[in-house]
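Below you'll find the structure, written out as structure tokens, and then a few comments.
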Amino acid sequence: MTQLEIILLFLLIASLLFNIGVFVYARAAILRLLWVSEELGDLKVMTTSFSQHLESVYNMEMFYGDQTIENLIDHAKSYDEQLSTFEYIYSLTDNDQETDADGDEEPDTETEEA
């Protein structure tokens, strides 16, 4: 083996190891991003649910007009709006669920006629 062949073999092995390392790192980064996306989506759903629940409590006769609950509703809505700025992140994992919920891409199901 000549010195050039040894250098080329060393560069080939180094390149393969580098490419494998980049692939493993990119895959791990994507998995972390998808995990964060799911968690932000769950947080958005929980915040929206809390805001709606608080508004339903506020609309009860017992609490209607209560300033503290009204301030809580405003705070929950502003927090929900702030979470909406991260929609591009949590929509990474919600695209499939949203199309099913909107009815755009419904699965083919047939109902039996009686």
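The calculated FRET efficiency for the pair Val24 and Glu70, based on their C-beta separation and a Förster distance of 30 Å, comes to about 0.05.
Placing pseudo-labels 7 Å out from each Cα toward the beta carbon at Leu31 and Val45 gives an inter-label distance of 2.3 nm. Over the C-alpha trace of the stretch 3-95, radius of gyration and Dmax come out as 25.2, 89 angstrom.
A short reminder: the numbers here are calculations on the coordinates, not readings from a lab. Bear in mind that the values here come from a model prediction, so they are computed numbers and not experimental data. Here the Cβ is made from the backbone with ideal geometry for all residues, glycine too, and neighbour counts use every protein chain on show.
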